[in-house]
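Q: Handing you this structure, nothing more for now.
The values are calculated or read from the model by the stated rules, or taken from the named source; none is laboratory data. The structure displayed is predicted, hence computed values, not measured ones. We place every Cβ from the backbone using ideal geometry, glycine too, and count neighbours over all the protein chains shown.
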Amino acid sequence: MDVLYFAWVRERIGIPKERVETRAATVAELVAELSEREDRYAAAFADISALRVALDQELADFDAPLSGVREVAFFPPMTGG
Amino acid sequence: MRIAVQEEQFDLGAEANSFARGNVAHGAIVTFTGVVRDLATGDLDVMEIEHYPGMTERALTKIAQEAQKRWSLGDVLVIHRHGRLEPGERIMMVATAAPHRKDAFEAAEFLMDYLKSRAPFWKKEITRSGAEWVAARDEDENALGRW
């Protein structure tokens with residue numbers, strides 16, 4: 001699946017987008033898997049209450065299942081307007 | 001309904017006029033415009049607005065459709081910019097048309113409240129002393145409770 005990062009999550013991880021092969025069943029499992037990779041991921045995901053997640057461009061919860069999902073995006077709370 | 005997510009500036013007068021011309025059957029038109037304001041310290045150089053192409057348009061369309069379901073509306077217009085904006089530049093506008101003003105005002109407020117916390121935009125303030133992402137405010141999230 002494609003994993004996208006926006007705003008300070010993108011800056012902390014250092015890339016806007018990457019392709020991830022994973023068997024994670026839920027968003028939370030994917031977060032745990034990425035956090036174990038490198039410090040920059042662990043730093044970005046240190047406090048998931050400060051993060052939002054979208055699955056295929058729809059807001060979702062961290063316990064949402066990933067089956068069939070093609071695009072996951074992590075970002076801070078939105079500040080439009 | 002027109003949803004525009006764009007980098008370039010927009011002409012508020014031209015947009016408002018063209019919106020009004022397309023809604024002659026409606027007696028009330030409300031427009032709201034958001035402007036980049038300078039910081040209290042007066043040293044904002046640039047506001048950078050990042051967004052999530054694809055999701056942004058989907059989220060704005062959904063919010064506008066929800067407004068059309070809840071109120072008796074004519075047309076709805078949402079324009080939101082991204083990229084680098086200077087203090088005083090217009091960030092976004094919404095316009096609503098309705099037979100009566102109450103629907104037009106309420107729908108415009110609803111659009112603004114949802115757009116602030118549910119459309120994937122992020123603002124970053126660049127000043128001489130550095131750059132900082134704007135933090136979401138609890139009151140913006142709480143504002144959704146009234147709808």
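Q: Among the residues of region A:59-73 satisfying the criterion of being closer than 29 Å to B:M92 by Cβ, in contact with a helix residue (DSSP H, G or I) (Cβ under 8 Å, 6 or more places away or on another chain) and touching a residue at least 24 places away in the same chain (Cβ under 8 Å), which is surrounded by the fewest Cβ atoms within 10 Å (Cβ to Cβ)?
A: Looking at the filtered set, the residue picked out is A:D61.
Q: Please enumerate the residues belonging to region B:23-45 that are modelled with pLDDT under 90 and in contact with an Asp or Glu (Cβ under 8 Å, 6 or more places away or on another chain).
A: If the condition is that a residue be modelled with pLDDT under 90 and in contact with an Asp or Glu (Cβ under 8 Å, 6 or more places away or on another chain), then B:N23, B:L39 are the ones that fit.
Q: Out of B:G74, B:G88, B:G145, report the one residue that is on the phi > 0 side of the Ramachandran plot and more than 14 Å from chain A (Cβ to nearest Cβ).
A: Residue meeting the stated conditions: B:G88.
Q: On to the next question. State all residues of region B:33-75 that are among the hydrophobic types (A, V, I, L, M, F, W, C) and over 14 Å from B:P120 (Cα atoms); if no residue qualifies, say none.
A: Matches in region B:33-75: B:V35, B:V36, B:L39, B:A40, B:L44, B:V46, B:M47, B:A64, B:A67, B:W71, B:L73.
Q: Then there's this: With the checklist (1) under 19 Å from B:E8 (Cβ atoms); (2) under 12 Å from the mean Cα position of the chain (by Cα) in hand, flag the one item B:Y114 doesn't pass.
A: (1)
Q: Is one or more of the residues making up region B:118-134 within 28 Å of A:R52 (Cα to Cα), without any contact (Cβ under 8 Å) to a residue 24 or more places away in the chain and in contact with a Ser or Thr (Cβ under 6 Å, 6 or more places away or on another chain)?
A: Yes: one or more hits.
Q: Could you list, in sequence order, all residues of region B:81-103 that are out of contact with any helix residue (DSSP H, G or I) (no Cβ under 7 Å at 6 or more places or on another chain) and within 18 Å of B:L12 (Cα to Cα)?
A: B:R81, B:H82, B:L85, B:E86, B:P87, B:G88, B:E89, B:I91, B:M92
Q: Checking A:P76 against (1) closer than 21 Å to B:D138 by Cβ; (2) of a type outside the set (G, A, S); (3) without any contact (Cβ under 8 Å) to a residue 60 or more places away in the chain: exactly one of these is not met. Which one?
A: (3)
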